[in-house]
Amino acid sequence: MLRLLFIFFSFTIFLGANAQVPDFISVRKKNGVPVKNYYAGIEISLITHDGRRYDALIDRIANDSIFLRYYTLHAYTNIFGTTSYDTITTYTLGMHYKNIKTILVPKISYRDHYLATLGRFAAIGGFGYDFLNIFNGLVQKHDPLFDKRNTRNVAIATGVGAAGLFLNRKYRRPGNSSKYKIVYVNLSQSTP
């Protein structure tokens, strides 16, 4: 029995020692802190430098390239009258990792998009109110432009517009953001 356990543990250690560690893509903050790592078998959404968006499954990552797996599906009606899907073909698209402009991390693509939209509408509303109030005050002479109530309303609208500009700049769309950098981590090369 002891001999069998020794053979089992030796075999397990031998397999673990010869396992090859796969390469991966890491999305990091500017100070080097990783935000998310992408390995083979994980879905990824990215934008390339030519402006195209790719949403696919990572087939493999090797030799400074990322290979995306796409599936062509066909919908058909089965014998129960419901819709089923069948895979017709699959194909792989390879690209160099430096061709990637932005990887859409889920936190960025969902939460920040709504805050940027809110900021844009707040800036349009606040500064639009300021513009129309000043324009109407100059064109129509019977409303005083610098009366106490009017000045308060313009100050509030300016504050809303400034807060909207801040939100829009801080949480702008991920394709325009340079908050993160993309790093290729090569673990497959053996070190001497």
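The values are calculated or read from the model by the stated rules, or taken from the named source; none is laboratory data. Bear in mind the structure is a predicted one, so any value in this text is a computation, not a measurement. All Cβ positions, glycine included, derive from the backbone under ideal geometry; neighbour counts span all protein chains shown. When the accessible area is computed, the model is the full protein with side chains, heavy atoms only, and any ligands, DNA or RNA have been set aside. Shrake-Rupley method; radii C 1.70, N 1.55, O 1.52, S 1.80 Å.
Listing for the model above:
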item: Count of residues meeting criterion [within 21 Å of LEU187 (Cα to Cα) and small (Gly, Ala, Ser)] in region 27-59; result: 3
item: Conditions (1) over 27 Å from the mean Cα position of the chain (by Cα); (2) modelled with pLDDT under 90; (3) of a type in the set (A, V, I, L, M); number of the one not met by ALA75; result: (2)
item: Filtered residues of region 83-133 (kept if modelled with pLDDT of 90 or more and hydroxyl-bearing (Ser, Thr, Tyr)); result: THR83, SER84, TYR85, THR89, THR90, TYR91, THR92, TYR97, TYR129
item: Members of region 78-106 that are more than 15 Å from the chain's Cα centre (by Cα), hydroxyl-bearing (Ser, Thr, Tyr) and either surrounded by 14 or more Cβ atoms within 10 Å (Cβ to Cβ) or not in a strand (DSSP E or B) (or both); result: THR82, TYR97
item: Conditions (1) open to solvent by less than 40 Å² (accessible area, probe 1.4 Å); (2) at pLDDT 90 or above; number of the one not met by ILE156; result: (1)
